[in-house]
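A quick write-up on the structure given underneath.
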Amino acid sequence: MKAEVAYEIKALLGEGPCWDERNQILYWTDISGKVIHRFDPETNQNDTFQIGQFVGAVIVAEDGRLVLAAENGFFFYDTVTEQLTSIHDPEVDKPDNRFNDGKVDPAGRFWAGTMQKNDNDPEGALYCLDDKLEVKKKLSGLRTSNGMAWDMKFNRMYFIDTPTRNIYIFDYDLETGTISNQRVAFQFPEAYGFPDGMTIDTDGMLWIAGWGGGKVSRWNPETGEVLSTVEVPALNVTSCTFGGKGFDTLYITTARVGMTDEELEKLPLSGSLFLVKTNTTGLPADRFRSSHNV
């Protein structure tokens with residue numbers, strides 16, 4: 001399969017696509033550009049909102065507000081007033097870190113992880129923001145906290161710490177949000193790049209973006225077998241998510257950072273938003289559910 005351009009743009013570090021099913025629009029971020037984007041595939045319009053800090057992940061709350069995992073912690077964001085409201089910064093003592101990828105679990109909790117801004121030392125952690133707006137640390141000693149997914153039965157969580165090349169699997173408790181029994185589902189081969197963002201389809205297969213690999217690949221987490229690949233005309237493929245009315249459109253984010261002039265000349269669409277129609281379908285993104293207001 002080959003991806004086509006959904007929206008041509010020179011995002012520095014496109015990331016974190018999240019499909020808003022109710023409004024049929026896609027939110028995504030440009031971490032280094034310090035903005036979030038809102039793409040409407042019907043009108044091909046892409047609105048940009050300045051956040052003023054690195055923003056790793058954007059998700060939609062049950063009440064329609066956005067929730068961000070950014071450089072300085074978790075925030076609510078209102079696209080109408082463009083007001084940023086702080087929820088909590090669990091790493092106020094770590095100015096060299098920032099939040100990276102994040103996703104909402106099937107119970108409505110927002111999981112997001114951190115990493116160093118300029119290095120890959122194991123200073124990152126994975127956090128979970130619950131319905132009471134309390135933040136719990138779930139993992140520590142991470143290098144680049146990245147993709148997450150939960151299986152159909154809600155008893156497994158998949159997680160990527162990019163430099164390790166490991167696709168981890170945990171036992172997951174839906175009621176409590178507890179993860180346990182960490183093990184490696186499979187290792188991501190070098191030919192596919194470094195594993196970055198990830199999503200899961202209704203067959204329980206993982207779609208993983210390959211940083212430096214120019215592709216998204218679909219994997220069976222039980223066997224570690226690659227099932228199909230999507231070629232993307234960009235070097236650094238960062239994340240993917242299913243969207244569209246039938247959840248058969250895979251939206252793919254890419255980046256330009258770290259590329260040489262020669263590479264950019266060969267792959268001028270790097271940084272754009274891409275899509276591909278798939279034979280499989282994804283699931284609606286879970287919405288953040290909170291019993292507390294800020």
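Might you report the magnitude of the Cβ-based charge dipole of the chain about its Cα centre, with Lys and Arg at +1 and Asp and Glu at -1, to the nearest 20 debye? Can you show the working numbers first?
Values: 28 positive and 44 negative charges, 50 e Å.
I would put it at about 240 debye.
Using the average count of surrounding beta-carbon atoms within 10 Å as a protection proxy, the listed peptides 1-13, 64-76 rank, highest first, as 64-76, 1-13.
Once every DSSP H run of n ≥ 4 in the chain is given -39500 (n - 2.57) and the sum is divided by its residues, what mean residue ellipticity at 222 nm do you get, rounded to the nearest 500 deg cm²/dmol?
Values: 1 runs with 6 residues, N = 294.
Taken over the chain, the calculation gives -500 deg cm²/dmol.
Determine the sum of side-chain charges near Ala107: Lys and Arg each +1, Asp and Glu each -1, restricted to other residues whose C-beta is under 10 angstrom from that of Ala107.
Numbers: positive: Arg109, Arg289; negative: Asp105, Asp130, Asp131, Asp173, Glu175, Asp286.
After counting each charged neighbour, the total is -4.
Rounded, prolate or oblate: which one fits the chain, using the alpha carbon gyration tensor with axes a ≥ b ≥ c (rounded when a/c is under 1.5, else prolate when a/b beats b/c, else oblate)? In terms of gyration-tensor shape, rounded. Fewest neighbouring Cβ atoms within 10 Å first, the residues Thr114, Thr178, Thr249 line up as Thr178, Thr249, Thr114.
With a cut-off of 15 Å between beta carbons, the residues surrounding Lys245 carry a summed charge of -3, where Lys and Arg count +1 and Asp and Glu -1. In order along segment 199-212, the phi-based Karplus estimate (6.51 cos²θ - 1.76 cosθ + 1.60, θ = phi - 60°) of 3J(HN,Hα) comes to 9, 10, 9, 6, 8, x, 8, 9, 9, 10, 7, x, 5, x Hz; Gly and Pro are listed as x. Exceedance of the 29 Å cut-off in Cα-Cα distance is limited, within the set Lys2/Lys138; Lys34/Lys266; Lys137/Lys245, to Lys2/Lys138; Lys137/Lys245.
Among Arg289, Arg22, Arg98, Arg38, the order by Cβ neighbours within 10 angstrom, fewest to most, reads Arg22, Arg289, Arg38, Arg98. Is segment 232-294 rounded, prolate or oblate when judged by the Cα gyration tensor, a ≥ b ≥ c being the square roots of its eigenvalues, rounded requiring a/c under 1.5 and prolate requiring a/b larger than b/c? Oblate, because a/c is 1.5 or more while a/b does not exceed b/c. Per-residue Karplus couplings for segment 264-271, computed as 6.51 cos²θ - 1.76 cosθ + 1.60 with θ equal to phi - 60°, are listed in order as 5, 5, 6, 10, x, 7, 3, x Hz, Gly and Pro entered as x. The ranking of Val104, Val92, Val135, Val226 from fewest to most other beta carbons within 10 Å of each one's beta carbon is Val92, Val226, Val135, Val104. Seen from Gly214, the other residues with C-beta closer than 14 Å to its C-beta sum to a net charge of 0, counting Lys and Arg as +1 and Asp and Glu as -1.
A short reminder: the numbers here are calculations on the coordinates, not readings from a lab. Remember, predicted model here, so these are calculated numbers, not experimental data. Glycine also receives a Cβ, built like all others from the backbone with ideal geometry; neighbour counts cover every protein chain displayed.
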